[in-house]
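A short worksheet on the structure shown next.
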């Protein structure tokens, strides 16, 4: 919460508060002068001129109040939008170091619900918390001071009533509302995740049990959501009663106290109606606080979650004193052990050297940790023991940007941006010409896409207008296009037919760059490739068996009967 | 004479649901009571003030009247709280119902819906979109009823008490409502544009977070931050444009109401001066004037919520109104059915995905559909699952068009193993049970064993009850696939649809899975789409599919030779 408050621009904040306080005071002044005016008129003075100052005051307050309110609302909303944009940008900046390792672990739907809803909730920080509080202090203080001029005891009662409405009720609401708000926030986020789960697995859910299980889960979170909302509503109802009833005490006290002063002749009778109405008007200073502070629990919870999200410890960080990037691009894993969070088998005591320009294929059974080796080479993860070097330098001594500028990575399920095909490819290299884009698409057998989607065609959200195989190949094409001297490819041929597989592997083997790829289909690899087999996970760890020189099978075409 | 639902606006349709309708009636009754209490309360206050002012009595003499005024005031506060509670309850209930309806709709429409709708936008509609209906049900509706009932009652009272002031109120009230409508219409138009920008900003945010790993790997995170900042600034500018107009209606209301109070004060003051009016009456009129405008001003403040609620209601209702494919009702016959695609053409976004496809799948046959990716293999599976209907030709099950069959009953007979199965965030056991919800633990274990996954599952910390995390984060690609196979095993379906069943497996697991599939396939009709050689051994027929067309005659597969 404090880091959100720090971002408030002081000048705009002061302006918004001043306008808000003036609006309230103008309203109270209008009522008070109206009361004085009709009381004064009822005394039937000799000439109407006596009443002219009051008449002028009534007209002035009547006209200016609306303009003040309008200006106050514009200034405070503009301020809020700027504030939230800043929070959002900072949050993203803090998420960047968490990618790629930590973000994949968090429940994506939850993350989505958090980032969006919580940042939106923070819009309330100024509009619902800061502004009403500051206006209450300024306008309430001024009203009490003015009342003291007429009747100090009444000023004390007014101050007390304002404190009850502005502090006691909100504080009680804050304590009582915190749990309800947290519960409501959690229920909302859970429902959002459930819906996302349902949508992502729609085919499986509908084809499985007709969605019965998904419905049960969703109904359950909907019920919790409704219960949490009702709990909040009951609290709100109590604050409503207090908000409406406390002004009655103030107006009653004004009639009683000033009434006695008038009856004893200590005070001008004209002031009786003026103070009663003025007191009534000044409660507007704190009228919004009761409802506003009951939202504080939700806003605080959102601010806390946003902060927690930004404070997660990144899996990898830049070194304090990075070394200059090495000249060579040889990669080495030296006795590397990785302990996965979920206790999954992962590389243990793994040694692997990849010379510059060498072509290495990693194979092994599912779960042997092949993809983890790529993650280590890209420094998405750090080894728990041992070290990974690039050009002889430990990756942990280099900046992340330097490491990643050296390697292009194509994951098994690549992420496509909701943009154009060309935009997705140029992610790897901005200045790639259209001819180069066409060529690289041909290399991965995607020439067909030029006809259907086109280079400047929209690939859909997450690239959904492409098939899974096409998306994977766009990922490979992106890596091929990259100027990086090392290519890290995860199952680049899983979605290719025989002829295209052979062509891609040939192209990669002929490339100058270092290539490390993960594959199951070692039969397609010729003598230019060194095959490294990661052993099956035994005792929770995978190790590389000594690379055996392989007999070279002729590259053969798969799926011959079909294609 | 009730208008057809489609002819009404989205807001009216939301408010015409039974819950909000009952709420409106309750609010009208509460507003009537409130009007009576208001007049009583202020009449007593005016009486006390004027008596003390004139020196006719001390406050001590008027204790009874003071207490009665306070009691009326308290009762009014109670009524208002009751109104808020009722409104919140109705709103929560309504949003719950609408969300349930949306989920049901999504399930009935199936994956066909997802082709056109972006998942992120759908989630936004179900969460934030429906959330904004709260503004309509809990705030706009009670506020509107209050504004419709209270001011006329109060204006009538003032008209009886002091005709000139009453006439002033009756003239200003409608004028204000007219200006409110005028300004509100302008604001509503720009709010619609803002909703689009807002939705796009949301999509940009989600998309940026989703692809963050890739952006970081390619060193592009810095640029996306700047981009996001630009989108945020555009959003702020658009919102401020809307607000400048939206707040204008507030300005008009405030201006009219405050000016009218000032006018009443001045005219009443002048008439008091000339001796045409009693102070007590003048004070009561002055006190009732702000109360006349209060409901209108509150409604004006809540118009903001209504402005946000209208586009939300539009999106929600548009989704609920999407035409559903006719659900067949015919029962699915027992035994292994004879499935046939005859001259099927399927179009997607203008181009033909499948063209005149003929495919005969006799009971117990094992057919492999082979072709390069993009040839339309997955579309054939979508047709057979009933997630899409052919644009031309027909899909026949034992001679009956698939569209005529009850889709749930049909899908209960079909087991589908997608290329990349989606796993629920629940436990291993729950994921297998998706195949058949009633399966016992023993049946689940048998299915896992037959999918060669039981050993892996036993090694997990909580065995069968181990939560898999989102989308099976704990499992490798091959293990996920075998889990989906276990789903198919436990389902014991008559028709088996396999999408690249071994693409992500190493040779050893591939052999294991193929053996398992061979066992699974016995006595069922199997259709496999693949571009790999290994699974072909399972099949007795191979049908090539290229560019959405099948070859005239199938090639006998390896299994046919056996």
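Provide a whole-number value for the mean count of partner chain Cβ atoms within 10 Å of the Cβ atoms in peptide B:138-147. Mind dumping the intermediate values first?
Details: counts 2, 0, 0, 0, 0, 0, 0, 0, 0, 0.
Mean number of neighbouring Cβ atoms from other chains: 0.
Using a/c under 1.5 as the rounded threshold, could you call region B:5-320 rounded, prolate or oblate? The axes a ≥ b ≥ c are square roots of the C-alpha gyration tensor eigenvalues, and prolate needs a/b larger than b/c, oblate otherwise.
Values: a/c = 2.84, a/b = 2.21, b/c = 1.29.
Since a/c reaches 1.5 and a/b is larger than b/c, the shape of region B:5-320 is classed as prolate.
Quick one: work out the % antiparallel among DSSP beta bridges in chain A, nearest 5. Can you show the working numbers first?
On the way: 14 of 33 bridges.
So the antiparallel bridges amount to about 40 percent of the total.
Can you give me the relative contact order of region A:402-517 as a percent, contacts being Cα pairs under 8 Å and 6 or more apart? Before the final figure, lay out each step's value.
On the way: 164 pairs, mean separation 44.8, N = 116.
Reported as a whole number, the value is 39 percent.
Could you give the distance between the Cα centres of region A:1-75 and region A:467-486, to the whole Å? Comparing the Cα centres of region A:1-75 and region A:467-486, I get a distance of 65 Å. Structural size metrics of region B:16-85, computed from C-alpha coordinates, are Rg and Dmax of 16.7, 57 Å.
Sorted on the mean count of surrounding Cβ atoms within 10 Å across their residues, most packed first, peptides B:62-70, B:129-137 read B:129-137, B:62-70. Projected label points at residue A:56 and residue A:503, each 7 Å from Cα along the beta carbon direction, are separated by 9.1 nanometres.
Across chain B, Cα pairs under 8 Å and at least six residues apart give a relative contact order of 14 percent. Round to the nearest 10 and give me the degree value, 0 to 90, for the angle of helix A:169-200's Cα axis relative to the longest principal axis of chain A. The answer is roughly 30 degrees.
Assign one of three labels to region A:377-432, namely rounded, prolate or oblate, based on the Cα gyration tensor with a ≥ b ≥ c the square roots of its eigenvalues; rounded applies when a/c is under 1.5, prolate when it is not and a/b is larger than b/c, and oblate otherwise. It is prolate, given that a/c is not under 1.5 and a/b is the larger ratio.
The mean number of partner chain beta-carbon atoms within 10 angstrom of a residue's beta-carbon across peptide B:433-444 is 2. Derived from the Cα gyration tensor, the three semi-axes of the equivalent ellipsoid of region A:331-542 are 29, 18, 17 Å, largest first. By definition, a body whose alpha carbon gyration tensor gives a ≥ b ≥ c is prolate when a/c is 1.5 or more and a/b is larger than b/c, and region A:9-311 fits this prolate description. The alpha carbons of chain B occupy a box of 117, 58, 47 Å along the principal axes, longest dimension given first.
Against chain B, whose longest principal axis comes from its Cα atoms, helix B:279-320 is set at around 10 degrees. By DSSP, the beta bridges lying fully in the protein assembly as shown are antiparallel in about 45 percent of cases.
If each DSSP helix of 4+ residues adds -39,500 (n - 2.57) and the sum is divided by the residues in the protein assembly as shown, what number results at 222 nm, nearest 500 deg cm²/dmol?
Values: 39 runs with 664 residues, N = 1125.
Taking each H run of at least 4 residues, the total per residue is -20000 deg cm²/dmol.
Packing order of peptides B:316-326, B:71-81, B:361-371, highest average first: B:361-371, B:71-81, B:316-326 (average count of other Cβ atoms within 10 Å over each peptide's residues). On the principal axes of its alpha carbon atoms, region A:8-93 extends 73, 16, 14 Å, with the longest extent given first. Mean separation of Cα pairs under 8 Å and 6 or more residues apart, divided by the residue count, gives region B:5-320 a relative contact order of 31 percent.
FRET efficiency for residue A:523 and residue A:308, Cβ-Cβ distance as r, R0 = 60 Å, nearest 0.05? Let's see the in-between values first.
Details: r = 49 Å, r/R0 = 0.82.
The computed FRET efficiency comes out at 0.75.
Quick one: of the DSSP bridges fully inside region A:331-542, what percent are antiparallel, nearest 5?
Numbers: 13 of 32 bridges.
So the antiparallel bridges in region A:331-542 amount to around 40 percent.
Computed from the C-beta positions of residue A:351 and residue A:230 and an R0 of 56 Å, the FRET efficiency is 0.35 to the nearest 0.05.
Cβ crowding within 10 Å ranks A:464, B:510 as A:464, B:510, fewest other Cβ atoms first. Here each label is just a point 7 Å from Cα along the line to Cβ, and for residue B:515 and residue B:352 those points are 4.5 nm apart.
Rg and Dmax over the alpha-carbon atoms of region B:339-561 stand at 17.4, 53 Å.
Quick check on packing: order A:303-312, A:133-142 by the mean number of other C-beta atoms within 10 Å, highest mean leading. Could you put the intermediate results ahead of the total?
On the way: A:303-312: 16.3, A:133-142: 20.6.
Per-residue mean Cβ counts within 10 Å order the peptides as A:133-142, A:303-312.
I'd like the Kirkwood hydrodynamic radius of chain A, using the inverse of the mean 1/r over distinct C-alpha pairs, in Å.
Result for chain A, one decimal place: 29.5 Å.
Counting Cβ atoms of other protein chains within 10 Å of each residue's Cβ and taking the mean over peptide A:39-48 gives 5.
First measure r as the distance between the Cβ atoms of residue B:186 and residue B:61, then evaluate 1/(1 + (r/R0)^6) with R0 = 60 Å and state the FRET efficiency to the nearest 0.05.
0.60
Take the Cα radius of gyration of the protein assembly as shown and divide it by 2.2 N^0.38 Å, N being the number of residues; the result is 1.14. For the pair residue B:97 and residue A:436, label points projected 7 Å from Cα toward Cβ lie 6.0 nm apart. The C-alpha atoms of chain B define a longest principal axis, and helix B:221-273 lies at about 20 degrees to it.
Bear in mind that the values in this text are calculations on the coordinates, not laboratory data. Every value quoted in this text rests on a predicted model; they were computed, and no experiment measured them. Note: ideal-geometry Cβ built from the backbone for every residue, glycine included; neighbour counts use all protein chains shown.
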